[in-house]
């Protein structure tokens with residue numbers, strides 16, 4: 001039985017992507033303790049975007065459920081709005097989830 005993710009109390013200011021990444025790593029460790037994750041923050045024009053990789057372990061859907069509360073923007077259904085900003089203190093515009101398969105050993 002999966003336990004719900006408990007987010008830390010709301011900080012009084014907007015967090016940087018690096019601070020947000022620390023909280024994401026903490027949530028991933030709590031939700032999936034037996035899996036190693038590799039989370040990288042983009043720089044320059046990709047500021048606010050992240051890439052997350054892991055080998056085997058939890059499904060992409062399970063990891064998405066863990067990291068979604070940290071997103072600060074989501075794609076909007078409205079045709080004139082490409083992005084809808086969420087009222088959260090985190091700075092994470094998007095996370096690429098890359099689940100790698102273990103290579104068979106011979």
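The values are calculated or read from the model by the stated rules, or taken from the named source; none is laboratory data. Bear in mind that the values here come from a model prediction, so they are computed numbers and not experimental data. Here the Cβ positions follow ideal geometry from the backbone for every residue, glycine too, while neighbour counts run over all protein chains shown.
List the residue pairs whose Cβ atoms are under 8 Å apart, where the first residue sits in region 23-50 and is on the phi < 0 side of the Ramachandran plot and in contact (Cβ under 8 Å) with a residue 60 or more places away in the chain, the second is assigned to a loop (DSSP other than H, G, I, E, B) and buried (at least 18 other Cβ atoms within 10 Å of the Cβ), and the two are 6 or more positions apart or on different chains.
What qualifies is 23/15; 23/90; 24/92.
Select from region 59-69 the residues that are surrounded by 15 or more Cβ atoms within 10 Å (Cβ to Cβ) and in contact with a strand residue (DSSP E or B) (Cβ under 8 Å, 6 or more places away or on another chain) and list them in ascending order.
Answer for region 59-69, where residues must be surrounded by 15 or more Cβ atoms within 10 Å (Cβ to Cβ) and in contact with a strand residue (DSSP E or B) (Cβ under 8 Å, 6 or more places away or on another chain): 63, 67.
In region 27-53, which residue that is in a helix (DSSP H, G or I) and loosely packed, with under 12 Cβ neighbours inside 10 Å is modelled with the lowest pLDDT?
Applying the filter and picking the extreme gives 45.
Just name the residue that is farthest from residue 45 (Cα to Cα) out of those in region 69-84 that are modelled with pLDDT of 80 or more and not in a loop (DSSP other than H, G, I, E, B).
For region 69-84, the residue satisfying everything is 69.
Picking from 11, 87, which residue would you name as being part of a loop (DSSP other than H, G, I, E, B), modelled with pLDDT under 75 and surrounded by 10 or more Cβ atoms within 10 Å (Cβ to Cβ)?
Being part of a loop (DSSP other than H, G, I, E, B), modelled with pLDDT under 75 and surrounded by 10 or more Cβ atoms within 10 Å (Cβ to Cβ) holds for just one of 11, 87, which is 11.
Going by the conditions given, is residue 67 in contact with a helix residue (DSSP H, G or I) (Cβ under 7 Å, 6 or more places away or on another chain), under 20 Å from residue 17 (Cβ atoms) and in contact (Cβ under 8 Å) with a residue 24 or more places away in the chain?
yes
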